[in-house]
Every structure is written in C-alpha cells, then in structure tokens.
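Q: Can you read through this structure? Questions will come right after.
Derivation of every value follows stated rules applied to the coordinates shown; laboratory data play no part. Treat the numbers as computed from the prediction; the structure is a model and nothing was measured. As a convention, Cβ positions derive from the backbone with ideal geometry for all residues, glycine included, and neighbour counts pool all protein chains shown.
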C-alpha cells in the first residue's frame, strides 16, 4: 500500500511484521499527517535528547540504563535475566509520563551485570492520555483478573465500543486475552510467528468491525514486534505477571 512505500527505510523492515490490516483501520489523513513527524524523529532526532534524559532517570530504578553505545557482540541466547529486563523495559515505559522509545530490537540491548543497557533509536512516541490510560486498564484488568476493568480499558482506548453487541465486545476481549498467551497462569515463552498470528486475528477483527483506530495502536504494534524479536532470541520462559505486578508496586507512592 502507498503508506508502506513512502515510509522511512528504517521502518519498512519493522512494518513487515505489523499486519497491514492495521493500516486499513487507520484514516489515511491521520497516517499522512503522522509521517512527517515520524520522519523528523527518526532522521533528525527531533525530541530525542529531551526524552533520553527524562527516560534515563525514570528507568534507572528498574535496572535499565540508557546508553549512547551498546555491545554489538552481545548474545541474547539463553539469557533469562535479559528477557526479564526487556519485559521490565516494555512495561515500565508504558507508565512513563514522558513518552516511550519504540524500538526494542536486539541491536539496541545488552546486559551488563544485572543492568540492561538500552540504546534507543530516534523512533519514539507519546500516547494520547485516553489510549495510555486504556492500555493500563487492559493490563491491570488482565493481570489482576478484573474483567470489568479489562473491558473498560478496551473501550477507553478506542478498541471497542459500548455501541457494539455484547457478543462482539466479548469476542474481541477473548482475542486480546489469547494474545497474552499463558502469561497469567505460568511462565511464558516467546515466538514471533505465534505473536504475529495472534496479532493478526485482533487486527482482522477490528477491520471487520470497521474500527478506526488511532496511530497509537500502530506504535504499540511496533513496540511489541521489536520486543518479541528480542525475547524470542533469549529462548527463555518468563513469569510475565510477576514482572508486571512488581513494576506496579514499585510505582506506587511510598
């Protein structure tokens, strides 16, 4: 499609893993307006230094260090501590008030002792308050097994609507839950093909329901795809719920 052809080169490879139906579920005018901003961030590093400094302070308590250079020879293979820190980086950024760096692929990550060194690229965003709060409700609802909160998050983030029949709302909720895999009841392993198949089912249903999603969901897809590409390399099983709950507890006011 046209949008894919005019993307900055650095994004084209990543977008191959994001279902194209997602682009069809976003208004073309919204995508066209977003592209120049995205290009300035990737190519000209617009806003990079400010977010780097803010995010470095925010992530430090979670054992994540933002760096200008990362060990290019670092091997994620069989590195469970790295897998746990990558998930920590992903979840912690969702709670950052400053924004989030999207590219969590292996080339940007390396463990040093118990700390994850993260060299972010210029690909970043700041979710809208509605989407950000809805996403937090989705994760809280899932990991704390609060069904009402989970559904509230889907509605708040614009992924479902109260106008839908109850059966359709429940169907999308179940698709999202299956997308989380076994992370609620046991340690979870990470496979890119399984992730893509699950993500496609969610995106396809949203297109079927003619949901006009925001670019926030596209950016979330980029973050998830790059995270999975790193987690897959670790060949590790991780207790995802335990990591999420620990982050939430760490963020609670003392």
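Q: With an 8 Å Cα cut-off and a minimum separation of 6 or more residues, compute the relative contact order for the chain in percent.
A: RCO, the chain: 28 percent.
Q: Let me ask another. At q = 0.23 Å⁻¹, what log₁₀ I(q)/I(0) does a Debye calculation on the Cα points of the stretch 46-124 give, no solvent, two decimals?
A: The Cα Debye sum returns log10 ratios of -1.09.
Q: Residues of the stretch 202-217 with backbone nitrogen within less than 14 Å of a virtual label 7 Å along the Cα-to-Cβ line of residue 164, please, listed as ranges.
A: Of the residues in the stretch 202-217, 202-214 have backbone N under 14 Å from the label point off residue 164.
Q: Over the chain, with a Gaussian network built from C-alpha contacts below 10 Å, which listed residue (177, 241, 37) shows the highest mean-square fluctuation?
A: 37
Q: Along the Cα→Cβ direction, 7 angstrom out, place labels at residue 242 and residue 148. What is the inter-label distance in nm?
A: 3.1
Q: Just the number: Rg to Rh for the chain, Cα atoms, Kirkwood Rh, two decimals.
A: 0.94
Q: Just want to confirm a number: the relative contact order over the stretch 46-124, from Cα pairs under 8 angstrom separated by 6+ residues, in percent.
A: Rounded, it is 40 percent for the stretch 46-124.
Q: Right, something else. Compute a Gaussian network model of the chain, connecting alpha carbons closer than 10 Å, and tell me which residue from 49, 202, 64 fluctuates the most.
A: With Cα springs under 10 Å in the chain, the top fluctuation among 49, 202, 64 is at 49.
Q: If one computes the Cα centroid of the stretch 208-254 and of the stretch 96-140, what distance in Å separates the two points?
A: Here the two parts' Cα centres lie 9 Å apart.
Q: Using 0.36 nm per residue, how much length does the chain from residue 177 to residue 107 gain when fully extended, once their Cα-Cα distance is taken away?
A: Working: separation 70, 0.36 × 70 = 25.20 nm, distance 2.95 nm.
Result: 22.2 nm gained on full extension.
Q: What residue among 83, 163, 56 shows peak mean-square fluctuation when the chain is described by a Gaussian network model with Cα springs under 10 Å?
A: 163
Q: Right, another one. Over the stretch 82-162, calculate the relative contact order: mean separation of alpha carbon pairs under 8 Å at least 6 apart, over the residue count, as a percent.
A: Across the stretch 82-162, relative contact order equals 22 percent.
Q: In nanometres, what is the gap between the two model label sites at residue 68 and residue 54, each 7 Å from Cα along Cα-to-Cβ?
A: 2.2
Q: Listing 171, 41 from the residue with the fewest other Cβ atoms within 10 Å to the one with the most, what is the order?
A: Values: 171 16, 41 20.
Ranking 171, 41 by Cβ neighbours within 10 Å, fewest first, gives 171, 41.
Q: Another one. For the modelled label position 7 Å from the Cα of residue 208 along Cα-to-Cβ, which residues of the stretch 146-186 have backbone nitrogen atoms closer than 17 Å?
A: 159-161, 164-179
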